[in-house]
Each structure stands twice: as C-alpha cells, then as structure tokens.
Amino acid sequence: MARKGTSFITLSKIENILMFVIIWACILSIHYAYRKSGTDALNRIRSTINIIPKSVGKETINKDSDKKVILEESDFLQPDLEAKVQKELEEIKKEQEKELKKESIRKKEGEFYSTYKEDEVYKWFDERPKRTDPLKDPSVKSSNQPKYLIKGENICKGKTDILFYIHSKISNEKNRKAIRQTYAHPENFKKLTVRVVFILGKGANEAEKSKIIKESETYKDIVQTDFEDTQRNLSYKVLTFLQWVVDFCSSPIPRYIVKVDDDFFVNPFMLVEEFISEVWDKENFVSCHYKENSRVVRTKTSKWNIPETAYPLKDPDVFPKTCSGYTAIFPGDLVPVLRSISVDTPFIPVDDAYLFSVMFEKLDNPQYKQILEGMTLNKDMGLQDYSGTKRLQYMSVSAWGDITEIMNILWKGTMKHLTTLGKQLINEKRFTKQ
C-alpha cells in the first residue's frame, strides 16, 4: 500500500509539472505575439514620420527637432490609442515643417523676414469673434462721471481698426504733436484705419483753455472733461474714455484699443505683426506688462495711496493681477462692458489699478498676456535697438526727455527695420527709405 501511495504522489507531481510547462508555453507565445504586433505597429508609424528609435518602448528622438516623444508598446494593442499616437506624431511633423519653412524664409529674406502674409493680417481685424454681453443702459452712468468740455464727437467716422487712447496733460503739447507725426499718423497703413484720442482734464486758467480749444479745432483728436488734471484724478480719464467710446465711437466699435502714456513710442507695424497676431481670436484679454500680487499702497502721503473705503483691506493686501499702463492692448468691444462695470465700481484714484485690476477682475475669465519683453522703460536701450542693424526687440519704448528728437529717431528706426510684411502694410506716402 505504501508503494501504491508513493506512485500516486509521483504521478501527481509529474502532472503538475506538465501543467506548469503548458501554461508557461502559452504565456510565452502570447508575449511573443504581443511584442511582434506592438513592434510592427511602432515600426509602421516610425517609417511614416522618419523617427529614429534609440530603444523600443522607451524614448525616441526626432532627428529634425530633437523633440522627445514617449511611445509605450501597450499603445499599439488598441486601435484608438494607436490612432491617437499617430495624430500626435503627425502634429509634430507639421510643426517641424513649419519651422523648416520659417528657416527657409529667414535665409532668403535675412533678419527682417515675416511669417505672415498681408491677407492674414486683415482677418485679425475683420474676423474677430463677436460678443453679445448684456449691458447696462448707456444713460446710466457712474456717479463719478465727468462732464464734457470738448466732446471729440468727430474723431471716429466709419471703421476704426486701431484706436490709440492716450492720457495727456494740457502742457504736453509737444508730446501730442510728436505722436501725431509718427506712430499715430492716420496714413501710416495702406488699408488699416488708425485713430488717436487724447484725454485731458480742464485747464488751470483762461490761457490754457483757449490753447486747448485751438488745438482741438486744428487736429480734432482731443476729448476734455471738467476735472482737475492732477495725479490723483487720472482715473477720471479712464471714466471719460469709457463713456466717450460708448457715446461717440461705437458705430462700429474700434477693433483694438492701445492705451499709451504720452511720453512713449509705439511701433505700429510691430504692434500688428507680433502682438495683435497672437490675440486676435481671444476675448477678455489685455496684453501688457502685468504683475501678480502687486502690493496695494496704503501710505496716505503717497500719490498712489488707495484708501480702504475705495478698496477694502485684503490678506494679503494686493491686487491679484494688474498692468503697468504705459502700453496696453485690449479689444475695443470690451469698452462697453467695462463702462457698465464702472457704474457700480468704487472710484480708485490709481488709473492702471482702477481699469486693469478692479474692473478687469469683474470680467468673465479675464486673460492677461505678458509682453514685458517687447517693451522698455530704458530710453537708451530703446534708441540703441532702433539704431542697430538687427531685427527690433522693442515695440514700445520710453521717449521721456526731448520728445520731438527721440520720437523722430525711433520713427526713422521703424522705417529702417520694416519687415517684408511691414512693407506690404505701410502706406507708400509714409515710407521713407533710410
């Protein structure tokens, strides 16, 4: 009986071993088929877009752009995942082709190449998305709304593609003249319509009042309201502008607003090609030198002091986002929305914070685009840039000082550095070869 029991145990062990071998044979055959199908699919896609593999199932490197693409073998077991990977790789290939095209243009046209064509530019203005925000009755105004002294009702006639909105002081006549003769000249563009509006407070005496009336009659680009033109009253210029657009410049509304200080230069061709090109299909945006968590000044002796009654204390006591307003770009169709917001917004005596922080934060999903690299507060760096031979870096440059001379130098530099696209956009009457 002992021997019989021993034979039975031995036979069971043999059966177990055979079963174990069979199971592993099945696993290995499945694994081989899996690896073969995955590798075959991987090879098919690689051959399509010329990717040179370093190792299967790990990172592969594209020989043209050195972009890394992670390819997992398991992706190729399911058709939907394989299609997804194929789509992503095709997008990479398109991006590579785009870069090669740019490089070809660079070699052909040198430093001042353009990646856009003239026809593309006009769609940035004509095909902007339409908005249909519910607005307050235009007759309902902010309790702080100043009264017009000079309405400027004839500044906007017909379409306006770019409206330069400029805070200016009555005494800055030279600044306004330099701006009119250079970047805000109405004939700078062949097809785009450019206008400028200078927002002023009231004159301190009869001589100033008379001087501004004469300047307005000559150039027809001034809007003046009845507030004292001081540092603490700059936000009245914001309210004036918002209401003025609704009253006199909304049929149709300007495509883009460019807010500029009157001691700054703006290159209008760079503005279009390098900045408007990036935001033309976006809503609720402002392109500016924006700051996050900018401290709220509470020192009573400071000209930037904001009282708690106007803007309550926060923890931390900051503006979540705001702009430095020396140059800022935003869509014209935001103006009626912001004017509606201003009706119920406490008055903040710091204009940039009032417009770009307090009002903007009430918009639906406001977007701030950082363009600091395209601006400089350093006048000497700007003049060096515009006097050089390489493609320009700065779209916006401080012109503080001898404004007439500086603006002329910067305008001549603009002509010298026109890209191929700039030469297509510029009005021939304004183009002077250097």
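Under 14 Å from the Cβ of Ser139, count the other residues' Cβ atoms, weight Lys and Arg +1, Asp and Glu -1, and hand me the total. Combined, the nearby Lys, Arg, Asp and Glu give +1. Listed by Cβ neighbour count within 10 Å, with the fewest neighbours leading, Ser250, Ser277 appear as Ser277, Ser250. The stretch between Arg295 and Lys209, if pulled fully straight at 0.36 nm per residue, gains 27.2 nm over its current Cα-Cα span. Cβ crowding within 10 Å ranks Tyr236, Tyr386 as Tyr386, Tyr236, fewest other Cβ atoms first.
Karplus-derived 3J(HN,Hα) values for the stretch 261-271, using 6.51 cos²θ - 1.76 cosθ + 1.60 with θ = phi - 60°, are 6, 7, 10, 10, 9, 10, 7, x, 7, 5, 3 Hz; glycine and proline are entered as x. Packing order of peptides 393-404, 327-338, highest average first: 327-338, 393-404 (average count of other Cβ atoms within 10 Å over each peptide's residues). In this rough spin-label picture, where each label sits 7 Å from Cα along the Cβ direction, the Thr230-Lys147 distance is 2.0 nm. Label-to-label distance for Asp344 and Ser277 is 4.1 nm, based on points extended 7 Å past Cα in the beta-carbon direction. Please work out whether the stretch 324-434 counts as rounded, prolate or oblate from its C-alpha gyration tensor, where a ≥ b ≥ c are the square roots of the eigenvalues and a/c under 1.5 means rounded, while otherwise a/b larger than b/c means prolate and anything else oblate? Prolate shape, in that a/c is at least 1.5 and a/b is the bigger ratio.
When Rg and the Kirkwood radius Rh are both evaluated on Cα atoms of the stretch 122-425, their ratio Rg/Rh stands at 0.94. Placing a label point 7 Å from the Cα of Tyr122 along the Cα-to-Cβ direction, the residues of the stretch 249-263 whose backbone N falls under 20 Å of that point are 252-256. State whether the stretch 323-372 is rounded, prolate or oblate according to the following rule on the C-alpha gyration tensor (a ≥ b ≥ c being the square roots of its eigenvalues): a/c under 1.5 gives rounded; otherwise a/b larger than b/c gives prolate, and the remaining case gives oblate. Since a/c reaches 1.5 but b/c is at least a/b, the shape of the stretch 323-372 is classed as oblate. Among Lys390, Lys369, the order by Cβ neighbours within 10 angstrom, fewest to most, reads Lys390, Lys369.
Just list whichever of Lys151/Lys321; Lys94/Lys117; Lys190/Lys412 have alpha carbons separated by over 24 Å in the model shown. Violating the 24 Å Cα-Cα cut-off are Lys151/Lys321.
Bear in mind these aren't lab numbers, they're just calculated from the coordinates by the rules spelled out. Since the structure is predicted, the reported quantities are computational estimates derived from the model, not experimental observations. Cβ: placed from backbone, ideal geometry, glycine included. Neighbour counts: every protein chain shown.
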